[in-house]
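Here's the structure we're looking at; comments come further down.
Just so it is clear, none of the values below were taken in a lab; they were calculated from the coordinates. Please read all numbers here as calculations on a predicted model, not as lab measurements. Please note: Cβ atoms are built from the backbone with ideal geometry, for glycine as well, and neighbour counts cover all protein chains shown.
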């Protein structure tokens with residue numbers, strides 16, 4: 001008995017060594033998946049701590065939240081694919097162990113031990129590498145721009161727990177799914193070497209799933225052209241719709257092709273049959289590639305395009321060198337400035353909108369002095385003039401912005417008043433006739449972009465000019481003027497070149513010591529802006545935002561390369577068998593090579609084509625969305641989008657071709673055709 005167990009142990013050990021390549025593929029897949037999950041989860045969690053500017057931190061957080069969603073979908077499928085591939089490659093061995101006298105329970109225990117040990121070691125390595133990469137990214141950001149990326153933060157326990165939980169969930173589900181599959185098969189089928197033909201959706205009724213996918217895509221289309229946060233959900237609805245269309249539509253399409261023998265099927269019978277016979281394996285790969293290409297060609301490419309060129313903000317396009325919001329108590333110092341430089345003084349009041357962002361409120365008559373425009377406002381009518389140096393004189397139609405500027409209160413930010421605005425939104429239009437709602441509701445007469453005082457924000461949510469009727473402004477201004485620590489004077493300054501920097505430092509020092517103080521840091525905007533400094537800051541932050549997009553795009557591209565490598569390595573044995581068969585059937589080397597190249601690239605090409613199709617739909621939706629917000633330069637946006645997409649597509653095609661040539665050379669090497677056929 002002991003001798004038999006010793007022999008069995010030797011066989012298991014030798015079998016393990018012979019399957020080392022399969023282990024390595026499994027380990028690498030798990031390491032990469034855990035590492036990516038950890039890095040992107042970490043970036044999402046700590047970005048608010050390492051970025052000083054809250055607005056920029058919010059934008060980075062959105063980027064990495066989207067990236068985490070993308071990576072999560074990809075890693076779920078990657079880990080599942082690698083684990084299924086590993087377990088399937090070992091199933092024949094497990095069947096052999098049963099034939100040699102091992103009980104099924106012992107085999108399952110052996111599987112579990114191998115599986116868990118592999119998962120534990122690869123997870124530990126993934127977490128170690130992820131920790132190093134996360135630290136390295138923070139270190140680089142801090143070294144390049146210490147003023148904005150203020151410190152390096154250690155990854156907290158929650159990030160480790162999240163990554164481990166995620167991985168455990170996939171591991172347990174995959175393992176038990178395979179165990180159930182083994183239980184439902186007899187011993188001979190486990191030992192059988194040949195792969196069975198995998199079924200794909202064939203019946204016409206599966207077109208219902210395709211129709212559902214199309215409906216979901218249409219829903220996402222209507223969700224997207226809005227600046228509400230819901231438009232981010234549209235990406236994932238598009239993904240689900242794309243999954244349904246590809247999963248069921250591809251199977252139905254293959255069956256339709258087979259029905260038209262003379263038209264297409266007989267000419268491409270080998271490629272089509274090979275794809276459909278491994279439909280389930282190819283489907284998982286197809287969906288993984290689709291997710292990667294979809295996000296790369298939609299969200300990332302359009303975000304990169306919207307950030308280019310980096311010189312969005314130019315000091316020469318600003319009408320003033322400095323904007324300062326002072327209080328009535330600072331009037332004496334303001335008068336002294338008039339003797340040193342050119343200033344324009346305008347009565348103003350802070351206005352806080354429902355998004356908790358602050359705006360600049362002025363009267364219609366003073367707006368007329370600045371622009372020469374007459375608006376004919378009455379009572380609580382307002383005009384919203386969003387400051388935009390790149391896209392002035394555009395009408396803004398977006399419903400989200402209208403809701404944001406329709407519900408406001410006069411005065412600087414207050415937690416209590418902002419909660420009031422939130423309650424009005426929650427209660428809805430039915431409650432708009434209440435006294436509370438009437439106090440904060442305004443009627444927007446016009447909403448457009450212009451460049452009157454200068455753009456001191458990166459978005460359309462804050463520092464817009466809100467123009468009130470003279471009568472309403474006068475009533476509110478009396479209260480604001482008498483309230484302590486409330487900005488009530490808008491000082492627009494044009495410096496003389498010779499004393500520009502000295503005067504800026506003097507005003508900043510005075511404002512810091514004696515001026516209006518920021519009470520609620522994190523919710524209140526600045527009250528003083530120096531144009532030159534603001535422009536330099538925004539150009540730097542735009543560069544970092546661009547780099548974050550390029551980083552995410554690179555991560556997606558490397559994922560696609562890694563998945564291609566797994567696909568290539570896992571399919572080499574089956575391709576070698578097929579090569580022997582085709583040689584002996586008399587197919588020439590040139591014909592075999594063409595067949596291999598087409599077949600190997602088919603999954604990548606189909607997913608890339610689907611990604612390109614979705615990217616065009618997304619691009620049109622983006623144009624409509626940006627046009628509603630009045631912020632699109634169609635030519636520039638299209639130009640940079642095409643460059644980003646074509647660059648990515650060219651690299652993908654190049655890598656696909658490279659892998660296909662690599663595997664073709666590998667399987668075509670060795671003995672001559674005649675020798676191979678004699679042996680087989």
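Of the beta bridges in segment 349-485, as assigned by DSSP with both residues counted there, near 55 percent are antiparallel. In µm²/s, what is D for segment 535-620 at 4 °C and 1.567 mPa s, where D = kT/(6 pi eta Rh) by Stokes-Einstein and Rh is the Kirkwood radius from Cα pairs? Taking Rh from Cα pairs, D becomes 78 µm²/s.
Looking at the square roots a ≥ b ≥ c of the eigenvalues of the Cα gyration tensor of segment 537-680, which shape do they give, rounded for a/c under 1.5, prolate if a/b is larger than b/c, or oblate?
Working: a/c = 4.28, a/b = 2.82, b/c = 1.52.
The shape class here is prolate.
What does the C-alpha gyration tensor say about the overall shape of segment 408-464? Classify as rounded when a/c is under 1.5, otherwise prolate if a/b is larger than b/c, or oblate.
prolate
Projecting the alpha carbon convex hull of segment 384-426 along each direction and taking the average yields 4.0 nm².
Once the Cβ-Cβ distance of residue 207 and residue 240 is raised to the sixth power relative to R0 = 30 Å, the FRET efficiency obtained is 0.95.
If R0 is 35 Å, the Cβ-Cβ spacing of residue 539 and residue 214 corresponds to a FRET efficiency of close to 0.25.
Sort 618, 231, 103 by Cβ crowding within 10 Å, fewest neighbours at the top. Can you show the working numbers first?
Values: 618 24, 231 17, 103 10.
Ascending number of Cβ neighbours within 10 Å: 103, 231, 618.
Gain in length, residue 416 to residue 594, computed as 0.36 nm per residue apart minus the alpha-carbon separation, to one decimal in nm? Before the final figure, lay out each step's value.
On the way: separation 178, 0.36 × 178 = 64.08 nm, distance 7.07 nm.
Separation in residues times 0.36 nm, less the Cα-Cα distance, equals 57.0 nm.
Taking the number of other C-beta atoms within 10 Å as the exposure measure, put 569, 652 in order starting with the fewest. Kindly include the intermediate steps, with their values, before the conclusion.
Values: 569 16, 652 24.
Lowest count first: 569, 652.
What is the extension gain from residue 172 to residue 121, computed as 0.36 nm multiplied by their sequence separation minus the C-alpha to C-alpha distance, in nm to one decimal?
Values: separation 51, 0.36 × 51 = 18.36 nm, distance 1.60 nm.
That pair, residue 172 and residue 121, stretches by 16.8 nm at full extension.
Shown for 561, 137: other C-beta atoms within 10 Å of each C-beta, ranked fewest to most, produce the order 561, 137. How high is the FRET efficiency from residue 517 to residue 479, r the C-beta distance, R0 22 Å, rounded to 0.05? According to the calculation, E is roughly 0.65.
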